[in-house]
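The values are calculated or read from the model by the stated rules, or taken from the named source; none is laboratory data. What you see is a predicted model, and the numbers here were worked out from it, not measured in a lab. As a convention, Cβ positions derive from the backbone with ideal geometry for all residues, glycine included, and neighbour counts pool all protein chains shown.
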Amino acid sequence: MARLGITAQLVDVEVDVAAGLHTFQIVGLPDKSVGEAKERISSALKNSKFKPPRAFNKRVIINLAPADIKKEGGLYDLPMALGFLLASEQLKTALGKTLIIGELGLSGEIRPVRGTILYALTARDAGFSRIIVPRDNKKEAELIENMEVIAPLNLTELIEHLEGRNKIIYPPQTKTNAKEEREDTFSLIAGQESAKAALEIAAAGGHNMLMSGPPGSGKTLLAKAMAEILPPLNREEALEVTKIASVVGTLDKNEPLITRRPMRAPHHTSSESAIIGGGAGLMPGEITRAHRGVLFADEFPEFHRDVLESLRQPMEEGTITVARARGIIEYPARFMLIAAANPCPCGYLGDEKRACICNTSQIINYQRKLSGPIADRIDLHVTVPRQSHKKISGTQTGESAAVVRARVEAARARQYARYSADDIHTNAEMRLKHIKKYCVVSDDISKMLANAVEKYNLSARAYHSTLKVARTVADLAGAKEVEPQHIATAIQYAKRETVIL
């Protein structure tokens, strides 16, 4: 298998053992790690009581086809070793249509590789019914239905299994029935009712959200509490997220299926390639690792300007195209952006208790870091003010995260049912044709929206964002149609010219 982003292409391993002076060559555009497989294969075969290529006074050539795709990593070790054993008649069985991946240790052990679920999905779609993977990748490969999985610990165990001399016996799997426990910070956050309501709307509809307020007002705590009210991933989404984590190499080998939505929080000094993807191996960036989850950007205006501007395409389309000299890769990037910002460099512009020490030029330059096109792509704009001592020190708690999450899950279920015939999942993903179809408004609502556009100078994108948010508020309320009170709530969070940032 050759990985191209989070897609893969089948690679045929051809082995020719012919008369002539001894040589052992690997061709087919291998990189250095694949070229070094000659030594790993030779030692693994010798230590597993097989004859290595050097024991034959013959010419050994291994071709990895197609030859125009670069082959990287140690996952080709095992298929090349099995191919040589077949060509040298040391293995007496037919492998048939079998996908084989695995890195060999010098002792013959088979080590895990990244991207197993990606390769298994590709093999299944290509009509394969069997896959040979390292033991540590067994549970990951078994996530794919209708696929026979063979997962040996070492080369000797695999050969004995394939020849029917000694079938692999796997240790019994221990099933954990413990219910997943989540923290409940959400109910402990003092005050901030408007921001907490906005978080619920954002979670229910998958909307982007910007919180602005002075330092210490609770913006970061609110953002982190978002993970507590998000619904779990459905099966389709879970496989998408698991595939990305497998390629990155962050999967738990014992519990490989990811069911909780990812929460990524990159530092504001992160580079553009770290955020959008790329680098030496064209690896996924933070926005792809946040796919179907949350990308939390604290100190949002402090991110490099080119990083902020690079978010515009994925926020709009849900994908990111990374074009580098090595190739062009498209990654999924359907994430919720939760951003937190101060109103000025010192953070106290507009604060009732503390005076701002910034001059006009500093404030203007700071606010200009967040461009209009980026701000326009954020559906919910929330001011998070300083809380009084009475609220902070009080013992009264709000609704629990579980109660809020239940409403969010119910709203998401309504959206999944509504968009079952469309190519979207949530209200935030609606395009113009969906808005026209699912956000039909009455004459009274049209007048409300017209007044809001005139009063707050809303752009066309902000107008459509208001309708999307209103549709989510209606879903949370269990209403079939968008009503005036839903529009009023959505307008409350719309981007306005008079709002800081």
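Touching a strand residue (DSSP E or B) at 6+ places or on another chain (Cβ under 7 Å) and closer than 24 Å to L222 by Cβ: is that true of I378 in this structure? Before the answer, list the steps.
Details: touching a strand residue (DSSP E or B) at 6+ places or on another chain (Cβ under 7 Å): yes; closer than 24 Å to L222 by Cβ: yes.
Considered against the rule, which asks whether it is touching a strand residue (DSSP E or B) at 6+ places or on another chain (Cβ under 7 Å) and closer than 24 Å to L222 by Cβ, I378 comes out as yes.
Here is a check on your reading of the model: is A411 at pLDDT 90 or above and either surrounded by 12 or more Cβ atoms within 10 Å (Cβ to Cβ) or part of a loop (DSSP other than H, G, I, E, B) (or both)? Can you show your working first?
Numbers: at pLDDT 90 or above: yes; either surrounded by 12 or more Cβ atoms within 10 Å (Cβ to Cβ) or part of a loop (DSSP other than H, G, I, E, B) (or both): yes.
Considered against the rule, which asks whether it is at pLDDT 90 or above and either surrounded by 12 or more Cβ atoms within 10 Å (Cβ to Cβ) or part of a loop (DSSP other than H, G, I, E, B) (or both), A411 comes out as yes.
What helices (runs of 4 or more DSSP H), lying completely within region 282-339, carry at least 2 residues that are modelled with pLDDT of 95 or more and not small (G, A, S)?
Passing ranges, in order: 286-289.
Looking at K391, K436, which one is closer than 21 Å to A494 by Cα and surrounded by fewer than 19 Cβ atoms within 10 Å (Cβ to Cβ)? Steps first, answer last, please.
Values: K391 fails: closer than 21 Å to A494 by Cα.
Step by step, each of K391, K436 is checked, and only K436 is closer than 21 Å to A494 by Cα and surrounded by fewer than 19 Cβ atoms within 10 Å (Cβ to Cβ).
Would you mind finding the one in K224, K253 that is of a type in the set (D, E, K, R) and in contact with a Phe, Trp or Tyr (Cβ under 9 Å, 6 or more places away or on another chain)?
Sole residue among the options that is of a type in the set (D, E, K, R) and in contact with a Phe, Trp or Tyr (Cβ under 9 Å, 6 or more places away or on another chain): K224.
V60 fails exactly one of the following numbered conditions: (1) in a helix (DSSP H, G or I); (2) closer than 19 Å to P30 by Cα. What is the number of that condition?
Exception for V60: condition (1).
Please work out which residue is surrounded by the fewest Cβ atoms within 10 Å (Cβ to Cβ), limiting yourself to region 5-57 and to residues that are in a loop (DSSP other than H, G, I, E, B) and hydrophobic (A, V, I, L, M, F, W, C). Steps first, please.
If we filter region 5-57 for residues that are in a loop (DSSP other than H, G, I, E, B), which is where we start, we get 5-6, 10-11, 20-22, 28-29, 31, 36, 48-52, 56-57.
Still in the list and also hydrophobic (A, V, I, L, M, F, W, C): 6, 10-11, 21, 29, 50, 56.
Values: I6: 22, L10: 15, V11: 19, L21: 7, L29: 16, F50: 19, F56: 15.
Residue satisfying both the conditions and the ranking: L21.
Can you list residue pairs whose Cβ atoms sit under 9 Å apart, with the first residue in region 190-214 being within 24 Å of Q367 (Cα to Cα) and the second being basic (K, R) and in a loop (DSSP other than H, G, I, E, B)? Count only pairs 6 or more apart in sequence or on different chains.
N208/R377; L210/K495; G213/R386; P214/K353; P214/R354; P214/R386
Residues are listed down the side, and each one gets a yes or a no for (1) of a type outside the set (S, T, N, Q); (2) surrounded by fewer than 19 Cβ atoms within 10 Å (Cβ to Cβ); (3) more than 26 Å from Q415 (Cβ to Cβ):
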| position | (1), (2), (3) |
| --- | --- |
| F186 | yes, no, no |
| A195 | yes, no, no |
| I201 | yes, no, no |
| A223 | yes, no, no |
| S246 | no, no, yes |
| P256 | yes, no, yes |
| R261 | yes, no, no |
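I'd like to check which strands (runs of 3 or more DSSP E) are fully inside region 95-214 and have at least 1 residues that are closer than 30 Å to A477 by Cα and in contact with a Lys or Arg (Cβ under 7 Å, 6 or more places away or on another chain).
Values: elements: 98-100, 130-132, 148-150, 209-212.
Strands (runs of 3 or more DSSP E) meeting the threshold: 209-212.
Residues of region 34-75 being closer than 20 Å to I159 by Cα and either small (G, A, S) or under 30 Å from the mean Cα position of the chain (by Cα) (or both), which ones?
A37, S42, S43, A44, S48, A55, G74, L75
Taking E72 as the residue in question, decide whether it is modelled with pLDDT of 95 or more, of a type in the set (D, E) and surrounded by 16 or more Cβ atoms within 10 Å (Cβ to Cβ). Don't jump to the end; show me each part of the working.
Numbers: modelled with pLDDT of 95 or more: no; of a type in the set (D, E): yes; surrounded by 16 or more Cβ atoms within 10 Å (Cβ to Cβ): yes.
So E72 does not fit the description; no.
Filter region 270-299 for residues that are over 10 Å from the mean Cα position of the chain (by Cα) and acidic (D, E) and give the result.
The answer is E272, D298, E299.
Could you count how many residues in region 238-281 are more than 30 Å from D31 (Cα to Cα), assigned to a loop (DSSP other than H, G, I, E, B) and modelled with pLDDT of 90 or more?
Step one: of region 238-281, the residues more than 30 Å from D31 (Cα to Cα) are 238, 254-255, 257-269.
Adding the requirement that they be assigned to a loop (DSSP other than H, G, I, E, B) leaves 254-255, 257-262, 265-269.
Pick out the ones that are also modelled with pLDDT of 90 or more and you get 255, 257-262, 265-269.
The total comes to 12.
Have a look at D422, D376, D443 and point out the one that is of a type outside the set (G, A, S), more than 20 Å from M209 (Cβ to Cβ) and either outside the structural domain of A462 (by TED's automatic domain parsing) or within 30 Å of the chain's Cα centre (by Cα) (or both).
On the way: D376 fails: more than 20 Å from M209 (Cβ to Cβ); D443 fails: either outside the structural domain of A462 (by TED's automatic domain parsing) or within 30 Å of the chain's Cα centre (by Cα) (or both).
One residue alone meets the criteria, D422.
Within region 130-137, identify whether any single residue is touching a His at 6+ places or on another chain (Cβ under 9 Å) and either closer than 21 Å to K253 by Cβ or surrounded by 23 or more Cβ atoms within 10 Å (Cβ to Cβ) (or both), and answer yes or no. Steps first, please.
Initial filter on region 130-137 (touching a His at 6+ places or on another chain (Cβ under 9 Å)): none.
Within region 130-137, none of the residues are touching a His at 6+ places or on another chain (Cβ under 9 Å) and either closer than 21 Å to K253 by Cβ or surrounded by 23 or more Cβ atoms within 10 Å (Cβ to Cβ) (or both).
Can you list the helices (runs of 4 or more DSSP H) lying wholly within region 347-402 that have 2 or more residues being among the aliphatic types (A, V, I, L, M)?
Details: elements: 360-368, 372-376, 389-393.
Hits in region 347-402: 360-368, 372-376.
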